[in-house]
1. From the backbone phi of segment 156-171, what are the Karplus-calculated ³J(HN,Hα) couplings (6.51 cos²θ - 1.76 cosθ + 1.60, θ = phi - 60°) in whole Hz, Gly and Pro given as x?
2. Given R₀ = 22 Å, FRET efficiency for Ala288-Ala81 by Cβ-Cβ distance, to 0.05?
3. Around Ile134, which amide H atoms from residues at least 5 apart in sequence, or from another chain, sit under 5 Å from its own amide H, with H modelled in the peptide plane?
4. Return the long-range amide H neighbours of Arg145 (sequence gap of 5 or more, or a different chain), with a cut-off of under 5 Å between placed amide H atoms.
5. For a quick check: sort Arg278, Arg26 by the number of other beta carbons within 10 angstrom, fewest at the front.
6. Along each principal axis of its Cα atoms, how long is segment 49-157 end to end? Whole angstroms, biggest number first, please.
7. If every alpha-carbon in the chain counts as one equal scatterer, what log10 I(q)/I(0) does Debye give at q = 0.09, 0.12, 0.14 1/Å?
8. According to the Cα gyration tensor, what semi-axes, each the square root of 5 times an eigenvalue, does the equivalent ellipsoid of segment 98-218 have, listed from largest to smallest in whole Å?
Amino acid sequence: MPRHLTSLGLEAVREATPGTVWVSVRGAGGDGPAGALPGYDAMAQARAGLMGITGHPETGPVKVGVAITDVVTGLYAAVAALAGLLRRGGEGHRAPRLEVGLLEAAVSTLVNQAANHLVGGIVPGPAGNEHPNIAPYGPVRCADRDLVVGAGNDRQFAALCRAVGLARLCDDGRFASNAGRVEHRDALAAELAAVFTERTADAWRTVLEDAGVPCAPVNAVDEVFADPHVRAVDLVSTVEHPLGTLPLVGSPLRVDSRRLQVRRPPPTLGQHTGEILRTLGFDDTRIAAMRARGAC
């Protein structure tokens, strides 16, 4: 927020370092009426419509289970910083000042649902686990638990039907195209449900994977980190922290076939404040004065 630049004394630093790329993260863009409002993930999810399309019609809106707007905004901010570094000129040139708002980032996550409204005139609502534009594409109840099954094209749908013993559905005119399957999704779901309850999710998963049909178990968090693939690709890293060895989710990026490793642990409160302020031009006297008045 702009007031933080003033209260922390950073406005003067920004003016004195024109080559520094500054990225501002705020609740909403500064040129709109919501620009001065506090920024919190839940409010951004609500106002951006993300919460309005999540959940079930019977139970009402539900926020995403993690602070997804915060995460997406952080990714946009990182991209903006990199773009700013590429765009800035040589010595004496002012680097760009960049801004990303939680509200705008949340709206960007609407993707196909935004297009459904802007292009198609539809006002999407909470549809549970159903995909608005593809069927079947969601959880199917098996003998023990749910398995997410998706058929994104006619070939995958035919493979699904043959794999589960419903080849007759390939000749059913209602399901001949994705548009028809979306229109008759309830009838299709009933056909699949009657078959899938006959076996466990793991059994059906083996059948569908062998047939080339996309599917996935609905894992609890502990099952995620026991997943053979997650373990095989070393997605969990460990770093040393003042409190002991700390396991963390590693970077999803791979560079030259090697996963980027976590090199430093999360800082303790205020651990790097002095280091950062010195980099920005503050001397120890000014840092001590700021700490004395609670500004850092």
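Rule-based calculations on the coordinates, nothing more; no lab input. It should be emphasised that the depicted structure is a prediction, and the values quoted were computed from it without experimental measurement. Cβ sites come from the backbone with ideal geometry, for glycine too, and all protein chains shown count toward neighbours.
1. These are the phi-based 3J(HN,Hα) values: 5, 5, 4, 5, 4, 4, 5, 5, 9, x, 10, 4, 4, 5, 5, 9 Hz.
2. Values: r = 29 Å, r/R0 = 1.32.
About 0.15, to the nearest 0.05.
3. So Ile134 has HN proximity to no qualifying residue.
4. The list, which skips near neighbours in sequence, is Ala201.
5. Numbers: Arg278 13, Arg26 22.
Lowest count first: Arg278, Arg26.
6. Result for segment 49-157: principal-axis Cα extents of 67, 33, 33 Å.
7. These q points yield log10 I(q)/I(0) values of -0.68, -1.05, -1.24.
8. On the way: eigenvalues 181, 64, 30 Å².
Taking √(5λ) for each eigenvalue gives 30, 18, 12 Å, largest first.
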